[in-house]
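Notes for the one structure printed next.
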Amino acid sequence: MKQASLLFLLCLLLSANTQAQTEKRTRLAFVLSPQISWLNSDNSSVDGNGNLFGYNFGVVMDRFFDKNYAFSTGLTINTSGGKLSYDPSTSMEIGGSTIENVTDATYRLKYIEVPFALKLITNEFHRTRYYGQFGLYTQYNIKTNDGNGKSMSKEVNFFDMGYQLGGGMEYSLGGDTYMMLGLIYSGGFMDITNNVVSDKTTLNRFTFQFGIIF
């Protein structure tokens, strides 16, 4: 009887250990993602005048609530921006001085970004699985310059928010380690600029997501 009890207890422990290994609920990924961004205005006197190359790096966390569904969030540093043309010209505070008759402006932006997304992931097939995700992001401006190192922080609002849509693939490198490749589109809801022009200027991005999942 004692031996049977010990055998039963051993089976329970092995079963619990196997379940913990096969049902990993939380995972982290380190991401370093190049991106292309641009600005759009709803005022006909303000035109988008080019995009900028940037990057997004940091940590992303997936919390699974089912085998193929996860809540995804994280904390990343996001550098982006765009170029705008003003007709008629406007005034801006650049480098601590008010500059008159500005017709073309470059906004190089740096944010702390916190995404909130639902991720749908397929079962693994030939060491590969695919995912789609959609959700929201919030970001907080920590630096802005004109492309020449002069501060434009007073021309940009601190808070921004928008939506994200994307997808990609995860390739197994062995065990719980995966390489992640994807593409995400981010579209802003809010006016990022804070200047004398009466318009709503939104930030938009294509992020080429690359990361290592642990």
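A count restricted to the stretch 129-144 and to residues that are more than 11 Å from residue 160 (Cβ to Cβ) and buried (at least 19 other Cβ atoms within 10 Å of the Cβ) stands at 3. For the stretch 115-159, a tally of residues being assigned to a strand (DSSP E or B) and closer than 26 Å to residue 67 by Cβ returns 18.
Rundown of residues vs (1) touching a residue at least 60 places away in the same chain (Cβ under 8 Å); (2) exposed (fewer than 15 other Cβ atoms within 10 Å of the Cβ), yes/no style:
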site: 146; (1), (2): no, no
site: 168; (1), (2): no, no
site: 182; (1), (2): no, no
site: 187; (1), (2): no, yes
site: 197; (1), (2): yes, no
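When you check residue 207 against the structure, is it of a type in the set (S, T, N, Q), out of contact with any helix residue (DSSP H, G or I) (no Cβ under 8 Å at 6 or more places or on another chain), in a strand (DSSP E or B) and closer than 30 Å to residue 88 by Cα, yes or no? For residue 207, the condition - of a type in the set (S, T, N, Q), out of contact with any helix residue (DSSP H, G or I) (no Cβ under 8 Å at 6 or more places or on another chain), in a strand (DSSP E or B) and closer than 30 Å to residue 88 by Cα - is not met.
Close Cβ contacts (under 9 Å, 6 or more residues apart or on different chains) running from residues in the stretch 100-117 that are at positive phi and modelled with pLDDT of 95 or more to residues that are surrounded by fewer than 21 Cβ atoms within 10 Å (Cβ to Cβ) and in a strand (DSSP E or B) are absent.
For residues that are under 23 Å from the mean Cα position of the chain (by Cα) and surrounded by 15 or more Cβ atoms within 10 Å (Cβ to Cβ), scanning just the stretch 41-56, find the one that is modelled with the lowest pLDDT. If you could, list the steps in order and put the result at the bottom.
Step one: of the stretch 41-56, the residues under 23 Å from the mean Cα position of the chain (by Cα) are 41, 48, 50-56.
From the residues that got through so far, the ones that are surrounded by 15 or more Cβ atoms within 10 Å (Cβ to Cβ) too are 41, 48, 51-52, 54-56.
Working: 41: 93, 48: 89, 51: 94, 52: 96, 54: 96, 55: 95, 56: 96.
Filtering first and then ranking leaves 48.
Kindly indicate which of 162, 168 is farther than 30 Å from residue 94 by Cβ, under 17 Å from the mean Cα position of the chain (by Cα) and either assigned to a strand (DSSP E or B) or charged (D, E, K, R) (or both).
On the way: 162 fails: farther than 30 Å from residue 94 by Cβ.
Within the list 162, 168, the selection yields 168.
Quick check on my filter: what residues within the stretch 113-159 are of a type in the set (A, V, I, L, M, F, W, C), closer than 30 Å to residue 94 by Cβ and touching an Asp or Glu at 6+ places or on another chain (Cβ under 8 Å)? The one that is of a type in the set (A, V, I, L, M, F, W, C), closer than 30 Å to residue 94 by Cβ and touching an Asp or Glu at 6+ places or on another chain (Cβ under 8 Å): 152. Of all residues in the stretch 57-95, those satisfying the criterion of being more than 22 Å from the chain's Cα centre (by Cα) and in a strand (DSSP E or B) are 66, 84, 85, 86, 87, 88, 89, 90, 91, 92, 93, 94.
Does the stretch 87-94 contain at least one residue that is in contact (Cβ under 8 Å) with a residue 60 or more places away in the chain and closer than 18 Å to residue 206 by Cβ?
Checked the stretch 87-94: no residue is in contact (Cβ under 8 Å) with a residue 60 or more places away in the chain and closer than 18 Å to residue 206 by Cβ.
Within the stretch 99-126, the set of residues being surrounded by 15 or more Cβ atoms within 10 Å (Cβ to Cβ) and under 20 Å from residue 57 (Cα atoms) comprises 107, 108, 109, 110, 111, 113, 114, 115, 117, 119.
The values are calculated or read from the model by the stated rules, or taken from the named source; none is laboratory data. Keep in mind that this is a model prediction, so the values were computed, not measured. Don't worry about glycine lacking a Cβ; one is built from the backbone with ideal geometry, like all the others, and counts go over all protein chains shown.
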